[in-house]
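The values are calculated or read from the model by the stated rules, or taken from the named source; none is laboratory data. Predicted model only: the values in this text are computed from it and were never measured. Virtual Cβ from ideal backbone geometry, glycine too; neighbours counted across all protein chains shown.
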Amino acid sequence: MARLVVVSNRVAMPRERLSRAGGLAVALREALQAHGGLWFGWSGEVGEQAAKAPHRVRQGRVDYAVLDLTPDEHRQFYLEFANATLWPLCHYRLGLINFNRASWDGYLAVNARFADALVPLLGPDDVIWIHDYHFIPLAAELRRRGVRNRIGFFLHIPFPAPEVLAALPGHERLVRDLCAYDLIGFQTTGDVRALTEYILHEARGSVAAGGRISAYGRDLRVGAFPIGIDTDGFERLATIGACSPETMRLSESLVGRDLVIGVDRLDYSKGIPQRFEAFHHLLGSRPQHRGKVTFMQIAPISRGEVAQYRKLRNELDALTGRINGKFAEFDWVPVRYLNKAFSRETLAGFYRHARVGFVTPLRDGMNLVAKEYVASQDPADPGVLVLSRFAGAAREMQGALIVNPYDTEALAEALDRALAMPLDERRSRWEQMMAVLRANTITHWRESFLSQLRA
Ligand code: GDG
């Protein structure tokens with residue numbers, strides 16, 4: 001079978017522990033090992049002397065090739081265009097978009113430079129799989145350099161509706177470049193619809209059955225490939241994690257109180273302030289929960305150099321203080337807010353211990369935390385998932401209590417209902433979601449994308 005080339009912004013190098021990197025990195029590495037492959041991307045390093053040729057390492061049948069970014073590239077490509085323009089745009093936050101021509105040029109230039117570095121590493125039969133919003137124009141840059149291989153793209157975040165996308169100066173170029181791929185994978189059918197509407201109404205292209213697109217002189221396909229998790233692996237991890245010293249200590253510290261858990265990178269797309277407000281409202285409007293429930297939010301700092309993320313941190317610091325100041329007792333603190341990361345095993349143990357998984361993004365491509373929470377539950381006594389309708393995961397996790405994260409009262413009501421839900425109902429909802437997670441694992445996701453790309 002043809003060699004696989006994976007391109008992603010961050011590369012999980014062989015020395016990196018995959019227990020930190022997570023399920024996606026494991027799944028991609030497995031695919032590379034199976035038939036031999038190359039993983040190409042940014043090294044994560046920034047340096048004045050960023051070399052033109054990538055640093056290369058080989059382990060087993062897998063080559064790793066990574067490039068550093070210069071400080072200007074890091075700012076324009078990564079901090080500004082990818083994370084302060086495309087990220088808010090794709091999460092429908094037009095008010096947070098910070099567009100400037102220099103960062104757009106920087107984004108295109110990094111894609112061109114990465115294409116220059118990748119071309120000499122490619123063989124004629126390689127199948128190339130490019131990931132995420134950092135590298136939308138990469139296939140077009142490769143095509144400009146004569147690459148005729150099959151190239152697929154998977155977008156991990158939402159693809160915005162045409163009216164939203166049109167707010168981006170340069171949207172025409174971005175979509176034209178997107179059409180240089182042979183297969184585009186999105187998380188949901190809603191994302192697929194957003195692109196096909198753009199193709200029909202903005203690009204004057206055509207769309208046929210099976211996601212066949214003709215536009216800008218190219219024929220390609222688009223489809224929904226909802227990403228999954230390593231369901232069995234997470235179940236096992238949770239069984240082990242449940243007996244870990246950390247989970248034991250967590251359990252002791254709760255002295256029999258119910259736990260509501262939230263776990264997110266500290267990001268404004270995740271609806272964390274809305275979640276805090278809802279918990280505040282629950283305690284205010286339903287006093288029977290005071291002293292009986294603890295809400296623990298794990299939120300490791302992410303993209304701390306981007307201004308909007310610093311603002312969010314300040315907001316959450318203030319909210320935590322306000323809720324705890326108002327409701328805490330000498331022997332109970334309602335909100336535990338932790339800006340630190342835990343091992344996946346500890347996390348799985350914590351999920352299993354929590355009566356409610358509280359996942360309320362304002363927009364999310366998929367949201368793996370929702371799926372991990374479900375896979376971690378004790379089949380005999382599962383907890384309840386409260387899930388935003390705006391997470392891609394809501395389309396599959398129909399056994400969750402589906403909520404509108406902007407509706408504080410509805411969130412509090414869902415928490416109230418989840419905390420009181422009888423065992424029979426919890427079990428039947430959980431079984432329904434587990435059946436989905438067992439059918440659509442991360443391996444299934446990867447193989448269905450790759451088999452369509454190769455077809
Ligand atoms: C993007 C899209 C899409 C979190 N805290 C810790 C920790 N995590 C892990 C979780 C989960 C992952 O990080 C977060 O994944 P999400 O899917 O929730 O969100 P994004 O990071 O925004 O991911 C998203 C995803 O790509 C995949 O396509 O679902 O929509 O935005 O796995 O467990 N892991 C550890 N310690 C922590 O404290 N070890």
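Given the structure, is GLN76 polar (S, T, N, Q), over 18 Å from the mean Cα position of the chain (by Cα) and part of a helix (DSSP H, G or I)? Considered against the rule, which asks whether it is polar (S, T, N, Q), over 18 Å from the mean Cα position of the chain (by Cα) and part of a helix (DSSP H, G or I), GLN76 comes out as yes.
For PHE99, are the conditions met, namely being touching a Leu at 6+ places or on another chain (Cβ under 9 Å), within 20 Å of ASP177 (Cα to Cα) and not in a helix (DSSP H, G or I)? Here the answer is yes, as PHE99 does meet what is asked.
Considering the range 315-352 alone, what residues qualify as being in contact (Cβ under 8 Å) with a residue 60 or more places away in the chain, within 15 Å of the ligand (Cβ to nearest atom), of a type outside the set (Gly, Ala, Ser) and not in a loop (DSSP other than H, G, I, E, B)? ARG344, GLU345, THR346, LEU347, PHE350, TYR351, ARG352, listed by residue number. Quick check on my filter: what residues within the range 355-372 are in a loop (DSSP other than H, G, I, E, B) and crowded, with 24+ Cβ neighbours inside 10 Å? If the condition is that a residue be in a loop (DSSP other than H, G, I, E, B) and crowded, with 24+ Cβ neighbours inside 10 Å, then THR360, PRO361, GLY365, MET366, ASN367 are the ones that fit.
Do we have SER251 as within 12 Å of the ligand (Cβ to nearest atom) and polar (S, T, N, Q) here? Considered against the rule, which asks whether it is within 12 Å of the ligand (Cβ to nearest atom) and polar (S, T, N, Q), SER251 comes out as no. The number of residues in the range 259-293 being assigned to a loop (DSSP other than H, G, I, E, B) and either away from the ligand (no atom under 16 Å from the Cβ) or out of contact with any strand residue (DSSP E or B) (no Cβ under 9 Å at 6 or more places or on another chain) (or both) comes to 7. None of MET296, MET248 is more than 25 Å from the chain's Cα centre (by Cα) and either exposed (fewer than 14 other Cβ atoms within 10 Å of the Cβ) or not in a loop (DSSP other than H, G, I, E, B) (or both) except MET248.
For ARG310, state whether it is basic (Lys, Arg) and closer than 26 Å to ARG417 by Cα. So ARG310 does not fit the description; no.
Each row is one residue, and each column tells you yes or no for (1) at pLDDT 95 or above; (2) farther than 21 Å from GLY233 by Cβ.
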site	(1), (2)
ARG17	no, no
ALA21	no, no
ARG29	no, no
LEU32	no, no
HIS35	no, yes
GLY44	no, yes
TYR64	yes, yes
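Annotation note: of ILE136, ILE151, ILE128, the sole residue that is more than 14 Å from VAL66 (Cα to Cα), in contact with a Gly (Cβ under 8 Å, 6 or more places away or on another chain), surrounded by 18 or more Cβ atoms within 10 Å (Cβ to Cβ) and in the same structural domain as TYR181 (by TED's automatic domain parsing) is ILE128.
Only a single criterion out of (1) crowded, with 17+ Cβ neighbours inside 10 Å; (2) within 15 Å of the ligand (Cβ to nearest atom); (3) in a helix (DSSP H, G or I) is not satisfied by ILE229, namely (3).
Does the range 373-383 include one or more residues that are under 17 Å from VAL263 (Cα atoms), of a type in the set (Val, Ile, Thr), more than 16 Å from the ligand (Cβ to nearest atom) and buried (at least 23 other Cβ atoms within 10 Å of the Cβ)? No, the conditions are met nowhere in the range 373-383. Just one of (1) over 25 Å from PRO88 (Cα atoms); (2) at pLDDT below 95; (3) of a type outside the set (Lys, Arg) fails for GLY304. It is (1).
Need a quick list: helices (runs of 4 or more DSSP H) entirely within the range 129-216 having at least 3 residues that are touching an Asp or Glu at 6+ places or on another chain (Cβ under 9 Å) and closer than 30 Å to GLY36 by Cβ. Of the helices (runs of 4 or more DSSP H) lying wholly inside the range 129-216, those with at least 3 residues that are touching an Asp or Glu at 6+ places or on another chain (Cβ under 9 Å) and closer than 30 Å to GLY36 by Cβ span 138-144. Of the residues making up the range 299-331, those that are surrounded by fewer than 20 Cβ atoms within 10 Å (Cβ to Cβ) and small (Gly, Ala, Ser) are SER302, GLY304, ALA307, ALA318, GLY321, GLY325, ALA328. Go through the range 294-314 residue by residue and tally those that are out of contact with any strand residue (DSSP E or B) (no Cβ under 6 Å at 6 or more places or on another chain), more than 16 Å from the ligand (Cβ to nearest atom) and either in contact (Cβ under 8 Å) with a residue 40 or more places away in the chain or more than 22 Å from VAL333 (Cα to Cα) (or both). Final tally of qualifying residues: 4. Just so you know, in the range 384-410 the residues that are closer than 20 Å to GLN274 by Cα and part of a loop (DSSP other than H, G, I, E, B) include one that is nearest to the ligand (Cβ to nearest atom), and it is PHE390.
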